[in-house]
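What follows is a short report on a single structure.
The values are calculated or read from the model by the stated rules, or taken from the named source; none is laboratory data. Since the structure is predicted, the reported quantities are computational estimates derived from the model, not experimental observations. Cβ placement follows ideal geometry from the backbone for every residue including glycine, while neighbour counts extend to all protein chains displayed.
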Amino acid sequence: WPKFMRWGRGELRWVRPLQRILCVFDGKTVEFEIDGLKSGSETEGHRVHGRGPFKLTSFADYKEMLQEKGFVALSREDRRLLIEEQAQMVCAQAGLELVEDKGLLDEVTGLAEWPVVILGEMDPAFLSLPPEVVQLSMRTHQKYFAVRDPKTGELAPNFVVVANIEASDGGKAIAAGNARVLSARLDDARFFWEQDKATPLEKMADKLKTIDFKKELGTIADKVERVAALARELAEPVGADPDMAERAARLAKADLVSGMVGEFPELQGVMGGYYARAQGETDAVATAIAGHYKPQGPSDAVPTEPVAIAVALADKLDTLVGFWAIDEKPTGSKDPFALRRAALGVVRIILENGVRLKLLEILDEEFAIMPPSVHGIFEYLRALYENGPFEYELPEGREFDEARFARTLAKFQTRVRFVNSSEIKQFFEWHAFDRNMRPELELAFSRADDLLAFFADRLKQYLRDQGARHDLIDAVFALGEDDLVLIVKRVEALAAFLETEDGANLLAGYKRAANILKAEEKKDGAAIEGDVDPSLFEQDEERALHTAIETAVSRADAALEAEDFEAAMAALAELRGPVDAFFEGVQVNAEDEKLRANRLRLLTSIRAALSRVADFSKIAG
């Protein structure tokens, strides 16, 4: 158990103090002792309605005795169903509706032996509080269910409490007592509500400078600065107003220092949205603040308003990049910072809103402006200033990408605020394309690549849950695409194509070509490269296949440029006949070495043509 108890002078730890140990087998007591407590054949019932002891000889006796004389409903499922049905009934009798709460229902099921549901009343004045506050006060502190008016959908001045006793007055005293306790709780909440509303969000946000987000990543205020800049950058692709996106991001974390969120951490963001509206912020800004943590689980809805999308994406991306930058990634079953959930949230927000983003470019820029990278780059500039240029070797397996380097460094200069002295600016101008500045940015790039692979894993899981074939997902991911919306479109088009006869046969033709190439490359000890030479063709099937490939590639490329993946698949489907005819009528491994090499290069052109839409080697079949 998460919590346990010790009692008396014993050392036994248990969820509750043990009073008796009932252990009977085949009608006889099984004798043993635990922490001074001896086993027996007797048990107790309800402490008020059915005190025992009751002597038992079998489980059938046990269940019947507790139910009929002990006033204990032994079955957890029976108690759960009883509470649910009684709660719905007492609400319906009053013309009200129970607010469903499965988690609370599970909890109170374990708190009552003989559940009796009572409908209570509270002061209607408390309904001026945000409904989330009222409901959470009931749930967290008192284990009450909230009730709403079915006509308006708003909370009613009532609550449902589950008692463990059948009161002689029908529960009136219990309801009144619980109402008094709830009033005290809601009075506290009202105090926080009024006090927080009197404090501007900007003033709350100033206090974030004193709260660490993560030691290596700065304070929450530092995070807010990064998120605000990224939200502004994301505004255009998501169709949001840049000023509103930045404004919402700057205020989104302010409620973390509010009294209400201190009392109810679950309401972070939600309360910020209420406070934003109270101080006159636009609906777009308030909605973005309230929803920037969404989605917080697979069943939670994603933000759909443009400003909210920009802020939610920026916040999650900053968190993920930050923890990757300090190498604190999820491992195995451990994910203390819920990074898998954050990544899946990014995937869902992008896909469910159709957001078009070049994700790798964004990750490059964000890694470059994280504190570890900033420190490294400025250490480089200091060393360059003091010692002059120095040589740097790239890690094995990585190649210098000048365009990626220049793009990211340029963004670094606009995002890092303390690149402002004329001397530093001059160094940037002199060395913006200096390959000697590669160390820190190359490290940032390698981490960006790794995080993109993590997003790919989350997307694969998301698509598998939607019913997509895992091999088709792998086949599309192998192309290196980082626009998640395009990836999904490709997977869908590929799945539809392979369901057709042309698609299935073309896949078989690809596999045959790939197997021949693999065997011949292994035999030759080298990859088969070079262009096909049409002058070496001897058979019509060779000429027909070569012409068909050129035509299909041209049509497929045009379709891909227009993001018409169905048309691209249709263009490649035209290869089916020429490919089949080639394999039926042409001997690839001709005795003439030039002829053999040319025919093998023709097979590589089949492979290259199909690789425009997916890596067919990863497709089963």
ask   = Among the residues of the range 482-522, how many are touching a residue at least 24 places away in the same chain (Cβ under 8 Å) and part of a loop (DSSP other than H, G, I, E, B)?
value = 3
ask   = Among (1) without any contact (Cβ under 8 Å) to a residue 24 or more places away in the chain; (2) within 15 Å of Glu132 (Cα to Cα); (3) under 18 Å from the mean Cα position of the chain (by Cα), where does Ala301 come up short?
value = (2)
ask   = Which members of the range 448-476 meet the condition of being surrounded by 19 or more Cβ atoms within 10 Å (Cβ to Cβ) and more than 19 Å from the chain's Cα centre (by Cα)?
value = Leu472, Ala475, Val476
key: Scan of the range 84-121 for residues that are touching a helix residue (DSSP H, G or I) at 6+ places or on another chain (Cβ under 8 Å), surrounded by fewer than 19 Cβ atoms within 10 Å (Cβ to Cβ), in contact (Cβ under 8 Å) with a residue 24 or more places away in the chain and not in a loop (DSSP other than H, G, I, E, B), ordered by number   = Glu97, Leu105, Asp106, Val116, Glu121
query = Restricting the range 35-46 to residues that are modelled with pLDDT of 90 or more and not charged (D, E, K, R), which is surrounded by the most Cβ atoms within 10 Å (Cβ to Cβ)?
reply = Ser41
request  = Specify which of the listed residues (Gly525, Gly577, Gly480) is outside the structural domain of Leu452 (by TED's automatic domain parsing) and either modelled with pLDDT of 90 or more or in contact with a Phe, Trp or Tyr (Cβ under 8 Å, 6 or more places away or on another chain) (or both).
outcome  = Gly577
message = Please pick out the residue among Glu561, Glu541 that is in contact with a Gly (Cβ under 7 Å, 6 or more places away or on another chain) and farther than 15 Å from Leu517 by Cα.
response = Glu541
inquiry  = Quick test for you: out of Ala176, Ala229, Ala235, pick the one residue that is assigned to a helix (DSSP H, G or I), crowded, with 18+ Cβ neighbours inside 10 Å, of a type in the set (A, V, I, L, M, F, W, C) and out of contact with any Lys or Arg (no Cβ under 8 Å at 6 or more places or on another chain).
reply    = Ala235
request  = Please enumerate the residues belonging to the range 278-330 that are farther than 19 Å from Tyr462 by Cα, among the charged types (D, E, K, R) and not in a helix (DSSP H, G or I).
outcome  = Glu281, Glu305, Asp327, Glu328, Lys329
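Can you report the number of residues in the range 1-33 which are part of a strand (DSSP E or B), within 47 Å of the chain's Cα centre (by Cα) and more than 29 Å from Asn164 (Cα to Cα)?
Taking the range 1-33 as the starting set, the residues that turn out to be part of a strand (DSSP E or B) are 5, 14, 21-22, 24-25, 28-29, 33.
Applying the additional criterion that residues be within 47 Å of the chain's Cα centre (by Cα) yields 5, 14, 21-22.
Going one step further and asking which of them are more than 29 Å from Asn164 (Cα to Cα), we end up with none.
Summing the residues that are part of a strand (DSSP E or B), within 47 Å of the chain's Cα centre (by Cα) and more than 29 Å from Asn164 (Cα to Cα) in the range 1-33 gives 0.
Is it the case, given these coordinates, that Ala571 is at pLDDT 90 or above, within 19 Å of Arg612 (Cβ to Cβ) and either touching a helix residue (DSSP H, G or I) at 6+ places or on another chain (Cβ under 9 Å) or assigned to a helix (DSSP H, G or I) (or both)?
Working: at pLDDT 90 or above: yes; within 19 Å of Arg612 (Cβ to Cβ): yes; either touching a helix residue (DSSP H, G or I) at 6+ places or on another chain (Cβ under 9 Å) or assigned to a helix (DSSP H, G or I) (or both): yes.
Yes, satisfied.
Of all the residues that make up the range 571-583, how many are touching a residue at least 40 places away in the same chain (Cβ under 8 Å) and surrounded by fewer than 22 Cβ atoms within 10 Å (Cβ to Cβ)? Break it down into steps so the answer makes sense when it comes.
If we filter the range 571-583 for residues that are touching a residue at least 40 places away in the same chain (Cβ under 8 Å), which is where we start, we get 572-573, 575-576, 579-583.
Narrowing further to those that are surrounded by fewer than 22 Cβ atoms within 10 Å (Cβ to Cβ): 573, 576, 580-581, 583.
The total comes to 5.
In the list Pro124, Pro157, which residue meets the criterion of being surrounded by fewer than 13 Cβ atoms within 10 Å (Cβ to Cβ), within 18 Å of Leu182 (Cα to Cα), in contact with a Pro (Cβ under 7 Å, 6 or more places away or on another chain) and not assigned by TED's automatic domain parsing to the domain that holds Glu44?
Of the residues listed, the single one that is surrounded by fewer than 13 Cβ atoms within 10 Å (Cβ to Cβ), within 18 Å of Leu182 (Cα to Cα), in contact with a Pro (Cβ under 7 Å, 6 or more places away or on another chain) and not assigned by TED's automatic domain parsing to the domain that holds Glu44 is Pro124.
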